[in-house]
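Where a number appears in this text, it was derived from the coordinates with a stated rule and is not lab data. Note that the structure is predicted; figures quoted are calculated from it, not measured. Virtual Cβ from ideal backbone geometry, glycine too; neighbours counted across all protein chains shown.
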Amino acid sequence: MSVSFPIFIITALFISIFEPNLLSSLKSYIPIFLGLVMFGMGLTITFDQIKQVFLNPKWLITGLLLQFTIMPITAFSLAKLFGFSEELLIGFVVLGCCPGGTASNVIAYLSKAHLPLSISLTIASTFLSLFLTPLLVFILIKEIIDFDILALVKSTFWIVIFPLIDGIILRRIFIKKIDLLIRFFPKFSELMIALIIGIIFSVSSDLLKEVTITFFLAIVMHNLIGLSLGYCISQYFNFPNNVKKTISIEVGMQNSGLGIALTLIHFGKLASLPSAIFSLWHNLAGLFLIFLWKKK
């Protein structure tokens, strides 16, 4: 992690506090920012790296199993433990049942984890969530939610798959002519993540007054339990170090944007609070992970 990353984040948070309208006006551009990041990631991936993921399906299967067991159960247990209201409990459970988030791919890239595996897990968990997320929510809290399935598939394609494939193909065609662009990409990723954190903070600022110490503690614990168990279980299976880091990140970082959308549609603004605060926290936790693994 470069020194510039914390500076980018502090600057974005500073702007979101004193000029919130400036960043909140950019919220509709978040998918574009993420798409640009995914395109840049595609430039860094080779076909041999993708092949390695499919030659080791146990990595993918382990990550997916942990994603859809640890996070939903932990979310439900923490909400019950802290005695949250019904709306907040629902919000926590919906968040826990969501697939991995796109931001996890950026954190995986910056922490030198296994990027092709990270992207494969994000894509696979997103498509599995089409039936697993409603099923898990119903099992845990007996509430029925439905998806705009076509919209989710479209957004996954345009934000993740399409720009990623473009980047991979472009690298293969112009491999010797894009070295400068590849060297620039880590800095660009840092800037985009900092900008997205600032936008999320400015959009969610009106919800911050609802955040108590116990609520924030539950958010932190949910994230850290996912990160820790993802890493420890991968270590038990003796996976390579970069795979352990990847599974840890993918399990611990949820698609909080989907969580916000589902709770706002089905349960109201208060139920969206866990996903909204988690979206800010898990990026900051990812920043700490990058720093920690860099020091190690």
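Listing for the model above:
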{"item": "Residues I197, I161 arranged by fewest to most Cβ contacts within 10 Å", "result": "I161, I197"}
{"item": "Aspartates and glutamates with Cα under 20 Å of K244, excluding same-chain neighbours fewer than 8 positions away", "result": "D48"}
{"item": "Zone of L170's modelled label, taken as backbone nitrogen in the range 183-197 under 19 Å from a point 7 Å along Cα→Cβ", "result": "183-193"}
{"item": "Counted charge near G91, where neighbours are those whose Cβ lies closer than 14 Å (Asp, Glu -1; Lys, Arg +1)", "result": "-2"}
{"item": "Dipole of the chain, positive direction: furthest Cα of G226, L130, I165, with charges on the beta-carbon", "result": "I165"}
{"item": "Q254 long-range amide H proximity, modeled H, under 5 Å", "result": "G101"}
{"item": "Cβ charges +1 (Lys, Arg) and -1 (Asp, Glu), total dipole of the chain, debye", "result": "1080 debye"}
{"item": "Per-residue [θ]222 nm for the chain (sum of -39500 (n - 2.57) over DSSP H runs n ≥ 4, rounded to 500)", "result": "-25500 deg cm²/dmol"}
{"item": "The chain - percent relative contact order, Cα under 8 Å, separation 6 or more", "result": "34 percent"}
{"item": "Proxy reagent accessibility, fewest Cβ within 10 Å first, across F138, F84, F92", "result": "F138, F84, F92"}
{"item": "Whole-angstrom Cα spans of the range 172-296 along principal axes, big to small", "result": "51, 37, 28"}
{"item": "Highest to lowest packing among 251-260, 165-174, 58-67, scored as the average C-beta count within 10 Å", "result": "251-260, 58-67, 165-174"}
{"item": "30 Å Cα-Cα reach of K209 towards lysines, excluding residues that sit fewer than 8 places from it in its own chain", "result": "K27, K80, K142, K269"}
{"item": "Principal-axis tilt of helix 273-295 within the chain, Cα atoms, nearest 10 degrees", "result": "40 degrees"}
{"item": "When the convex hull of its Cα atoms is projected in every direction, mean area for the chain (nm²)", "result": "14.8 nm²"}
{"item": "Zero-based 5 Å bins, Cα pair distances in the range 1-67, whole percents", "result": "3, 12, 10, 14, 18, 14, 11, 10, 6, 1, 0"}
